[in-house]
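Single-structure report; data block below.
The values are calculated or read from the model by the stated rules, or taken from the named source; none is laboratory data. Predicted model, so just to flag it, every value in this text is computed and none were measured. A quick note on method: Cβ atoms are made from the backbone with ideal geometry, for glycine too, and the neighbour counts reach across all protein chains shown. Remember, those area values only see protein heavy atoms, side chains included, never the ligands or the DNA or RNA. Shrake-Rupley method; radii C 1.70, N 1.55, O 1.52, S 1.80 Å.
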Amino acid sequence: TTTPHQQQQQQQQAQAARDVNTASLCRIGQETVQDIVLRTMEIFQLLRNMQLPNGVTYHPNTHQDRLGKLQEHLRMLSVLFRKLRLVYDKCNENCAGMDPIPPEQLIPFVEDDSSKHEDRSAAQSRPATEERREILEVNKKLKQKNQQLKQIMDQLRNLIWEINSMLAVRS
């Protein structure tokens, strides 16, 4: 006998198992693409090593073996592409409610005076420029405050040294 609370927990755990993390899906998709590339390279390697029957001594067993490997690689490639399609569809489904963010906003951009990028639209570059100016202002103020603190610490160090020197002379 399970309590309603336990049943609810079990349902939530089952739902969590079904809802795969989108980041994990992306990792699976990346691994799948890597597998596809690897299989494709193996297919080209097999094709390069296959000999055409152009009067050269023909070994039917070797040819059949290579043909079997080639067909197996092609079958696996088809499976991997279907898997990639499923991962792609699931990622799109998981991200359907999200507002798309332009990739330019996801990439941190640092401009130095020697290289200005004029091709960026004014609407996109204005917030980035304002943000950069604010960051530079805050950094400048921070450096000034650090310099002031360093001066105060030096003055305190000198004062403590003078006090200790006077106490040492009196004793």
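Numbers below:
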quantity	calculated
Some residue of region 75-82 being at pLDDT below 75, more than 19 Å from Arg27 (Cβ to Cβ), touching a helix residue (DSSP H, G or I) at 6+ places or on another chain (Cβ under 8 Å) and surrounded by 10 or more Cβ atoms within 10 Å (Cβ to Cβ)	no
Meets criteria (of a type in the set (A, V, I, L, M), open to solvent by less than 100 Å² (accessible area, probe 1.4 Å) and more than 30 Å from Pro103 (Cβ to Cβ)) for Ala168	yes
